[in-house]
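Report on the following structure.
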Amino acid sequence: MRELIDALVRSAEREGMQLYGVHIYRRGAEPVERRLRSDDRVDVRSVSKTFTSVALGIAEAEGRLALDDPALTYYPELAGSAAPGLEQVTLRHLLMMTSGSPYFWSAYDPVVVPDLAADFFATPLAHKPGTYFSYTGIGPYIAARALRAATGANVRDYLLPRLFTPLGIHNPQWHTCPLGHPVAETALHLRTSELARFGRLLLDEGRHEGRQLVPAEYCARIATETVPTMQDPTDEGFRLSDSYGLGVWCTSGEKTYKMAGLYGQLCIISPDKEAVVTVTAHVEGGGSQRTSITALIDEEIVARL
């Protein structure tokens, strides 16, 4: 596996891509990691969305909420100001980017309204919920605040005893909005190996050292309950693959799925190869399909495992 990492590093260097760390785990073998800079925690960007999804999956198993609950149920104070149809938007729609709302927000955009949730629910829908994929950060953020309403804990604190601490991820930091809610869709800071342990947890159907941290049923659903990401060929919105699951990118007909964040934060789970490939990086620009960091990892590592 070290040879595979070395080949990836050489290819990335030729393409001018700055890798921070590469970690490969294959069931039955010791993990292999190569560092290319100091072992600091980095913003894993949109990989954070998968952690938010898993938090809701755990809460569903605990009976705190259900993914098919209307999100507005958890915002009763906003029901009177919600635009028509918003009462049909479920937590599942929010996680899968199919709310039908045209509301676009990223955690790196300035917050210019008093309450993002109030602004989201007041915005008229552009599509019927569940029918149109549009990648944005507002869905996981709204879903995470619903989790707080259902459990009394924000998404970071909710996951601390259930996921982070058992995985040996000590005191992870997650940036918050001006109202103090973790932004949920991005801005969780982890080391390469910490993210790799989360990927291994999903590969192992939610079990870690004999403990069931995430329901096995939810681990199976993450990449099997999917929606198509292309309904309108003229839509230039971001998409990494042709299907999207519960916070992960999928490809129709394949079991391998990806957590992916801007600048090359990637955790690829391959049940067929019983492997997890994790990369943290800072890769400017998307590159061509041939030279993208995702394509390089698929070619240099995943295909050769």
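What follows draws every value from the coordinates through simple rules; no lab data is involved. This one's a predicted model, so the numbers in the text were calculated from it and none came from an experiment. Neighbour counts are summed over all protein chains in view; Cβ atoms, including those assigned to glycine, are modelled from backbone coordinates with ideal geometry.
Legend: translational diffusion of the stretch 1-90 by Stokes-Einstein, Rh = Kirkwood radius over C-alpha pairs, 37 °C, 0.692 mPa s; D = 187 µm²/s.
Proximity of backbone amide H atoms, modeled 1.01 Å from N, is registered between Cys177 and Val183 at under 5 Å, excluding neighbours fewer than 5 places apart on the same chain. Straight-line reach from Lys273: taking Cα to Cα under 19 Å and skipping same-chain neighbours fewer than 8 places apart, the aspartates and glutamates in range are Glu3, Glu30, Glu33, Asp204, Glu205, Glu254, Asp298, Glu299, Glu300. Shape descriptor for the stretch 141-233: Rg over Rh equals 1.00 (Cα atoms; Rh from the Kirkwood inverse mean 1/r).
Placing a pseudo-label 7 Å from each Cα along the Cα-to-Cβ vector at Asp6 and Arg64 gives an inter-label distance of 4.7 nm.
Which of Arg14, Arg145, Arg200 ends up with the largest GNM mean-square fluctuation for the chain, with Cα atoms connected below 10 Å? Its mean-square fluctuation being the largest, the pick is Arg14. Entry note, the stretch 150-289: relative contact order of 16 percent, from Cα contacts under 8 Å with a spacing of 6+ residues.
Given axes a ≥ b ≥ c from the Cα gyration tensor, I'd like to know whether the stretch 177-305 is rounded (a/c under 1.5), prolate (a/b larger than b/c) or oblate. Cα axes put the stretch 177-305 in the rounded bin. Using θ = phi - 60° in the Karplus curve 6.51 cos²θ - 1.76 cosθ + 1.60, the 3J(HN,Hα) couplings for the stretch 76-87 round to x, 5, 9, 4, x, 9, 6, 5, x, x, 5, 5 Hz; x is entered for Gly and Pro. Cross-link partners for Lys128 among the lysines, with Cα-Cα distance under 30 Å and sequence neighbours closer than 8 places in the same chain left out: Lys49, Lys255, Lys258. Less than 5 angstrom separates the built amide H of His208 from those of Leu213, all sequence-distant by 5 or more or on a different chain. Secondary-structure-derived ellipticity at 222 nm for the chain, considering helices only, amounts to -8000 deg cm²/dmol, per-run term -39500 (n - 2.57) for DSSP H runs with n ≥ 4. This structure gives log10 I(q)/I(0) by the Debye sum over Cα atoms at q = 0.07, 0.16 Å⁻¹, computed directly, and of [x] -0.25, -1.35; [y] -0.22, -1.32; [z] -0.31, -1.39 that value is listed as [x].
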